[in-house]
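Asker: Shown below is the structure under consideration.
The values are calculated or read from the model by the stated rules, or taken from the named source; none is laboratory data. Remember, predicted model here, so these are calculated numbers, not experimental data. Cβ coordinates were reconstructed from backbone atoms using ideal geometry, including for glycine residues, and neighbour counts include every protein chain displayed. We work out accessible area using only protein heavy atoms, side chains counted, and drop any ligands, DNA or RNA first. Shrake-Rupley method; radii C 1.70, N 1.55, O 1.52, S 1.80 Å.
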Amino acid sequence: MTIRDILTALVLLLITVIANSFIWLNGAATNPYAVLILVPMAAAMLLLPFRLAWLVIVVGVVGQLLQLQAPLPTHHQMDTHYRAMVYGQVFAALLLGITLHLLRIRIVRQQQAIRALHQRQHRDEQLVTIGTAAAQFSHEVATPIQTIQFMLEDVRQRYPNDEDLQRAEQQIRRIHNLLLDWRQVAEDVRTNRILELQVNELVQQVKDALLIVRPDIRVMWRDDEQPGCVVRADRTLIPAILSLLHNAADAAPVDSKIEVRTEVSEQSWRMTIRNQGEPLDAFRKQGLGRELLPSSRGVGAGALLSYATFERFGGIVTWRAEQGYTVTEIRMPIEVIHG
């Protein structure tokens with residue numbers, strides 16, 4: 001409710017009171033122009049918040065009913081007719097208010113749906129751009145990786161026991177395996193291949209991957225063992241979870257712990273990530289995961305991709321501030337397999 005709304009309501013209330021007073025002084029219920037009081041009522045329902053709009057309508061209805069208390073300059077047999085006119089106008093005012101109220105609710109919902117559709121379309125365009133760039137990058141980087149492998153093999157023949165060379169070979173093999181994994185993930189997405197991932201195995205895979213990729217992160221895990229619970233998703237789910245863990249680690253102060261809790265409740269699997277650091281402001285919390293948000297640590301592409309991944313499998317990820325911590329919560333629907 002803004003100052004503009006209040007001023008508009010005061011103007012419409014003043015018009016309604018003046019119109020009712022004029023009608024009172026000019027025939028009251030017998031005045032055929034009393035129906036014009038419906039105009040400021042309709043304007044109020046179209047322009048004002050619902051509370052102020054209904055205030056104008058109530059004032060107008062009360063003013064119409066007060067016309068019955070004015071002396072009628074007619075014969076007694078016409079009183080019933082004029083009373084029926086007033087009651088009809090009251091009924092019309094209430095019907096107009098209810099109708100416009102429902103129409104405004106429907107319009108607001110449609111506008112919200114259109115806004116959400118535009119936002120999702122914009123996000124999908126960003127995802128396509130990111131995916132295209134990633135595919136181009138993986139294609140371009142494959143050739144130099146193979147060249148480096150051949151060069152290392154030649155150097156290995158000359159220096160078979162060099163430890164630095166061994167570490168370099170390990171890193172190159174790791175990059176090569178990551179490219180192969182990425183291609184497999186891309187193939188799964190292209191063919192829409194959905195897997196049944198055991199919740200316990202999924203958590204263990206995330207732990208193992210995080211230990212290999214980010215051994216510097218101190219994570220305190222609190223797991224709720226739930227055998228027989230599966231999540232239906234493809235291979236992109238684990239990278240999406242790892243991306244959120246990376247973001248939490250990057251946002252946390254050095255040498256601080258990240259708390260990760262997993263549990264199953266109400267037919268859904270939930271992972272809660274708590275990390276210290278600068279809390280999210282309202283703007284970033286609302287837009288994070290839905291659009292690219294440039295900051296000192298990046299543009300939020302990881303959160304955007306993760307959000308889209310969880311949404312694709314019926315899940316959701318949310319962010320909130322809680323007692324000096326930033327809390328990232330993942331929810332995914334699960335199925336319970338017996339036997």
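Asker: Quick check on segment 291-299. Is at least one of its residues part of a loop (DSSP other than H, G, I, E, B) and modelled with pLDDT of 70 or more?
Answerer: no
Asker: Test Leu36 against the stated conditions and say whether it is without any contact (Cβ under 8 Å) to a residue 40 or more places away in the chain and more than 38 Å from the chain's Cα centre (by Cα).
Answerer: Yes, satisfied.
Residue by residue, here is whether (1) surrounded by 11 or more Cβ atoms within 10 Å (Cβ to Cβ); (2) modelled with pLDDT of 80 or more; (3) within 30 Å of Pro40 (Cβ to Cβ) holds:
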residue: Ala84; (1), (2), (3): yes, no, yes
residue: Arg104; (1), (2), (3): yes, yes, yes
residue: Ala135; (1), (2), (3): yes, no, no
residue: Pro160; (1), (2), (3): no, no, no
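Residue-wise test of (1) part of a helix (DSSP H, G or I); (2) more than 36 Å from the chain's Cα centre (by Cα); (3) among the β-branched types (Val, Ile, Thr).
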position: Met1; (1), (2), (3): no, no, no
position: Thr8; (1), (2), (3): yes, no, yes
position: Val11; (1), (2), (3): yes, yes, yes
position: Thr16; (1), (2), (3): yes, yes, yes
position: Ala19; (1), (2), (3): yes, yes, no
position: Met45; (1), (2), (3): yes, no, no
position: Trp54; (1), (2), (3): yes, no, no
position: Ile57; (1), (2), (3): yes, no, yes
position: Gly60; (1), (2), (3): yes, yes, no
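Asker: Here's something else I'd like to know. Do you know which residues across segment 256-268 are of a type outside the set (Val, Ile, Thr), touching a strand residue (DSSP E or B) at 6+ places or on another chain (Cβ under 7 Å) and either assigned to a loop (DSSP other than H, G, I, E, B) or under 27 Å from Val336 (Cβ atoms) (or both)?
Answerer: Within segment 256-268, Ser256, Glu259, Arg261, Glu263, Gln267, Ser268 qualify.
Asker: Return yes when Ile15 is on the phi < 0 side of the Ramachandran plot, β-branched (Val, Ile, Thr) and surrounded by 15 or more Cβ atoms within 10 Å (Cβ to Cβ) and no when it is not.
Answerer: yes
Asker: Tell me, please, whether a residue that is surrounded by fewer than 13 Cβ atoms within 10 Å (Cβ to Cβ), at pLDDT below 80 and of a type in the set (Asp, Glu) can be found in segment 208-220.
Answerer: Yes, the conditions are met somewhere in segment 208-220.
Asker: Determine if segment 169-191 includes at least one residue that is in contact with a strand residue (DSSP E or B) (Cβ under 8 Å, 6 or more places away or on another chain), modelled with pLDDT of 75 or more and either of a type outside the set (Ser, Thr, Tyr) or under 17 Å from Gly315 (Cα atoms) (or both).
Answerer: No; the residues of segment 169-191 include none that is in contact with a strand residue (DSSP E or B) (Cβ under 8 Å, 6 or more places away or on another chain), modelled with pLDDT of 75 or more and either of a type outside the set (Ser, Thr, Tyr) or under 17 Å from Gly315 (Cα atoms) (or both).
Asker: Within segment 191-206, track down each residue that is surrounded by fewer than 15 Cβ atoms within 10 Å (Cβ to Cβ) and not β-branched (Val, Ile, Thr).
Answerer: The answer is Asn192, Arg193, Leu195, Glu196, Glu201, Gln204.
Asker: Hey, among Gln77, Gln149, which residue is touching a His at 6+ places or on another chain (Cβ under 8 Å), modelled with pLDDT under 80 and assigned to a helix (DSSP H, G or I)?
Answerer: Going through Gln77, Gln149 in turn, the sole match is Gln149.
Asker: Name the pairs: first residue in segment 142-161 and over 19 Å from Leu179 (Cα atoms), second residue of a type outside the set (Lys, Arg) and open to solvent by less than 90 Å² (accessible area, probe 1.4 Å), Cβ to Cβ under 7 Å, at least 6 apart or on different chains?
Answerer: Hits for this filter: Val155/Leu165; Arg156/Leu165; Tyr159/Leu165.
Asker: Here's a follow-up. Taking segment 114-132 as the search range and keeping residues that are closer than 20 Å to Leu180 by Cα and open to solvent by less than 60 Å² (accessible area, probe 1.4 Å), which one is modelled with the lowest pLDDT?
Answerer: My answer is Ile130.
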